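**Student:** Dropping a structure here in structure tokens format, bear with me for questions.
The values are calculated or read from the model by the stated rules, or taken from the named source; none is laboratory data. Being a predicted model, the structure only gives us computed values, none of them experimental. Here the Cβ positions follow ideal geometry from the backbone for every residue, glycine too, while neighbour counts run over all protein chains shown.
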Amino acid sequence: MSKDYKIWLETNNIYNQCKTNVLLSSFVVWASVFVAMLFPLFGFGLAFFLMCFLCIGFKKIVLDCIKGNQFKVENVFDYYKFCLSAFCLRVCSMVLIFLWSLLLIVPGIITGLNYCLAPYIFCEQPNLGTIECLNKSKSLVYGHRAELLIVFLIEALFVALVATLASCFVIIFNFIVVMPQWFNILVPIVVTLFCFFVIILPYFEMYIGNVYINLTKTVQTKKTTKSSSTKQ
């Protein structure tokens with residue numbers, strides 16, 4: 001049995017055990033972000049700022065769930081003390097991905113994969129600097145980018161499937177009752193975004209979190225083995 005398949009099985013088992021709290025936590029995060037967007041003038045800026053540390057809090061819940069630690073839904077707000085550091089990490093990673101994407105799309109994708117574990121590293125070690133988190137993520141991901149890319153492509157396929165089903169529903173519904181154009185556009189968008197942020201994203205966050213834990217264990221095992229062989 002391949003290691004990737006074992007991680008899928010582990011993720012499925014863990015997800016089924018704590019699905020309710022994980023989904024509820026994800027809903028709290030994105031509902032908070034949506035409410036922040038409703039503020040006049042600076043709503044989008046506030047929403048982005050909130051998202052930076054709330055997503056870190058959600059990733060900590062995911063890791064606690066995988067490790068079997070106790071957690072509560074309100075723990076998504078725990079990282080407000082590190083909100084500036086979380087904001088800096090998100091902005092720096094986005095800027096670097098954007099700059100590499102200017103060369104060609106492939107370097108941008110590679111950069112995004114390199115830094116995809118940085119938030120998990122930060123949630124366990126919030127006192128680490130931004131550059132340290134990014135570099136540590138890059139070293140963990142090295143040699144595993146292809147596997148992670150496949151995971152993100154599968155996630156994108158699920159989103160595309162939901163969008164297609166929602167659009168088909170609207171088309172069929174219009175055969176019964178003709179609806180205005182805004183309804184036909186808005187419904188698939190709302191359904192797709194809701195399913196992505198509240199259902200699809202939590203599962204794949206858990207899978208990536210499981211990958212992070214496994215890679216961290218592999219690195220620690222190699223260091224221990226190397227240390228033991230050096231002493232001998």
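**Student:** Please find, among LEU23, LEU38, LEU50, the residue that is more than 18 Å from ILE208 (Cα to Cα) and surrounded by fewer than 18 Cβ atoms within 10 Å (Cβ to Cβ).
**Tutor:** Exactly one of LEU23, LEU38, LEU50 is more than 18 Å from ILE208 (Cα to Cα) and surrounded by fewer than 18 Cβ atoms within 10 Å (Cβ to Cβ), namely LEU38.
**Student:** Further question: Quick one: which of VAL33, VAL76 is among the aliphatic types (A, V, I, L, M) and under 13 Å from CYS123 (Cβ atoms)?
**Tutor:** From the options VAL33, VAL76, the qualifying one is VAL76.
**Student:** Just to be sure, is LEU153 out of contact with any strand residue (DSSP E or B) (no Cβ under 8 Å at 6 or more places or on another chain) and either assigned to a helix (DSSP H, G or I) or of a type in the set (D, E, K, R) (or both)?
**Tutor:** When the stated conditions are applied, LEU153 passes them.
**Student:** Restricting to region 98-150, name every residue that is in contact with a Cys (Cβ under 8 Å, 6 or more places away or on another chain) and crowded, with 20+ Cβ neighbours inside 10 Å.
**Tutor:** ALA118, PRO119, ILE121, PHE122, LEU134, SER137, VAL141 - these are the residues of region 98-150 that are in contact with a Cys (Cβ under 8 Å, 6 or more places away or on another chain) and crowded, with 20+ Cβ neighbours inside 10 Å.
**Student:** Of everything in region 151-200 that's surrounded by 12 or more Cβ atoms within 10 Å (Cβ to Cβ) and of a type in the set (Phe, Trp, Tyr), which residue is nearest to ILE7 (Cα to Cα)?
**Tutor:** Once the filter is applied, the top-ranked residue is PHE152.
**Student:** Within region 1-20, restricting attention to residues that are in a helix (DSSP H, G or I) and among the hydrophobic types (A, V, I, L, M, F, W, C), which residue is surrounded by the most Cβ atoms within 10 Å (Cβ to Cβ)?
**Tutor:** Selected residue: ILE14.
**Student:** For residues that are touching a Gly at 6+ places or on another chain (Cβ under 7 Å) and crowded, with 20+ Cβ neighbours inside 10 Å, scanning just region 64-96, find the one that is nearest to LEU134 (Cα to Cα).
**Tutor:** Step by step, filter region 64-96, then rank; the result is TYR79.
**Student:** OK, next. Tally up the residues in region 122-138 that are free of Cβ contacts under 8 Å to residues at least 40 places away in the same chain and in a helix (DSSP H, G or I), please.
**Tutor:** Result for region 122-138: 6.
**Student:** Quick one: VAL178 ticks every box in (1) at pLDDT below 90; (2) part of a helix (DSSP H, G or I); (3) of a type outside the set (Phe, Trp, Tyr) except a single one, so which number is it?
**Tutor:** It fails just one condition, (2).
**Student:** So CYS168 passes all but one of these: (1) under 19 Å from the mean Cα position of the chain (by Cα); (2) over 23 Å from PHE27 (Cα atoms); (3) hydrophobic (A, V, I, L, M, F, W, C). Which condition number does it fail?
**Tutor:** Of everything listed in (1) under 19 Å from the mean Cα position of the chain (by Cα); (2) over 23 Å from PHE27 (Cα atoms); (3) hydrophobic (A, V, I, L, M, F, W, C), CYS168 misses just condition (1).
**Student:** Do the conditions hold for ILE105, that is, is it in contact (Cβ under 8 Å) with a residue 24 or more places away in the chain, out of contact with any Ser or Thr (no Cβ under 9 Å at 6 or more places or on another chain), of a type in the set (Val, Ile, Thr) and over 15 Å from LEU50 (Cα atoms)?
**Tutor:** Criteria not met by ILE105.
**Student:** Taking the criterion of being in a helix (DSSP H, G or I) and modelled with pLDDT of 85 or more, would at least one residue in region 221-232 satisfy it?
**Tutor:** no
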